[in-house]
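**Student:** One structure, pasted below without further comment.
The values are calculated or read from the model by the stated rules, or taken from the named source; none is laboratory data. Model, not experiment: these values are computed from the prediction. No Cβ is skipped: glycine too gets one built from the backbone with ideal geometry, and neighbour counts run over all protein chains shown.
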Amino acid sequence: MSRIGKLEITIPAGVTVEVKKGGDFGHQEVFVSGPKGSLSQSLRFGANAVVEDGVVKVSKESDTLQNASFFGLYRTLINNMVVGVTEGYQKDLEIVGIGYRGEVQGTKLVLSLGYSHKINYEPPVGVVVTVDEQVNIKVTGYDKQKVGEAAAKIRSFREPEPYKGKGIRYKGERIKKKSTKSAK
């Protein structure tokens, strides 16, 4: 049995969690709403959620391998939703390279990364992108998956190259550098 799946999720003040039957096959839907927004997750593969006494408990229907493998996953997804609607999530990126910079115009992120054109990126709904000093990008939101996807998408516009380390990287990410070829 999953050690993570057995843990209970305490519901903080200001957060409501509802579990409803839904979907085509009678799966459960978990709805979490709080001060930052509202999220939902469909539970499948034999996982059940119950809300009682300010605590969410996740259980599995049977001990099949598939139910056991998704048991801890759904508990973690529900916990991420509760944390997201109360505290939110944040990813920090930094731009490294001469002439590389970013700025926010309205809700769009505009990046100059050494290409012949500027890159315009519109973040998904619920994700806010801010830029400090033209080189520090902060991606925030209440949905952990969307924040991570947006940060990965921004990084993919110019991934750090291994010789000089120029590009967009996560804050604190270490790039393993290669040595250049030497003449004999």
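**Student:** Give the residue that is modelled with the lowest pLDDT, with candidates limited to residues of the range 7-29 that are touching a Lys or Arg at 6+ places or on another chain (Cβ under 8 Å) and not in a loop (DSSP other than H, G, I, E, B).
**Tutor:** Top of the filtered list is GLN28.
**Student:** Right, something else. From the list ILE137, ILE119, ILE154, ILE168, exactly one residue is touching a residue at least 12 places away in the same chain (Cβ under 8 Å) and more than 19 Å from GLN90 (Cα to Cα). Which is it?
**Tutor:** ILE119
**Student:** Please specify each residue of the range 66-102 satisfying the condition of being in contact with a strand residue (DSSP E or B) (Cβ under 8 Å, 6 or more places away or on another chain), free of Cβ contacts under 8 Å to residues at least 60 places away in the same chain, over 30 Å from GLU161 (Cβ atoms) and of a type in the set (S, T, N, Q).
**Tutor:** Of everything in the range 66-102, just one residue is in contact with a strand residue (DSSP E or B) (Cβ under 8 Å, 6 or more places away or on another chain), free of Cβ contacts under 8 Å to residues at least 60 places away in the same chain, over 30 Å from GLU161 (Cβ atoms) and of a type in the set (S, T, N, Q), namely ASN67.
**Student:** Is it fair to say ALA151 is in a loop (DSSP other than H, G, I, E, B), among the small types (Gly, Ala, Ser) and either exposed (fewer than 11 other Cβ atoms within 10 Å of the Cβ) or not assigned by TED's automatic domain parsing to the domain that holds VAL82 (or both)?
**Tutor:** No; evaluated as a whole, the condition is false for this residue.
**Student:** Consider the range 45-67. How many of its residues are among the small types (Gly, Ala, Ser), part of a strand (DSSP E or B) and loosely packed, with under 12 Cβ neighbours inside 10 Å?
**Tutor:** 0
**Student:** What number of residues within the range 136-182 satisfy the criterion of being of a type in the set (Val, Ile, Thr) and touching an Asp or Glu at 6+ places or on another chain (Cβ under 6 Å)?
**Tutor:** Counting residues in the range 136-182 that are of a type in the set (Val, Ile, Thr) and touching an Asp or Glu at 6+ places or on another chain (Cβ under 6 Å) gives 0.
**Student:** Another question, then. Failed condition for GLY126, given (1) surrounded by 15 or more Cβ atoms within 10 Å (Cβ to Cβ); (2) modelled with pLDDT of 95 or more; (3) of a type outside the set (A, V, I, L, M, F, W, C), with all others met?
**Tutor:** (2)
Yes or no, residue by residue, for (1) exposed (fewer than 15 other Cβ atoms within 10 Å of the Cβ); (2) outside the structural domain of LYS36 (by TED's automatic domain parsing); (3) closer than 21 Å to GLY34 by Cβ; (4) of a type in the set (Ser, Thr, Tyr):
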position: LYS108; (1), (2), (3), (4): yes, yes, no, no
position: LEU111; (1), (2), (3), (4): no, yes, no, no
position: HIS117; (1), (2), (3), (4): yes, yes, no, no
position: ASN136; (1), (2), (3), (4): yes, yes, no, no
position: LYS144; (1), (2), (3), (4): no, yes, yes, no
position: SER156; (1), (2), (3), (4): yes, yes, no, yes
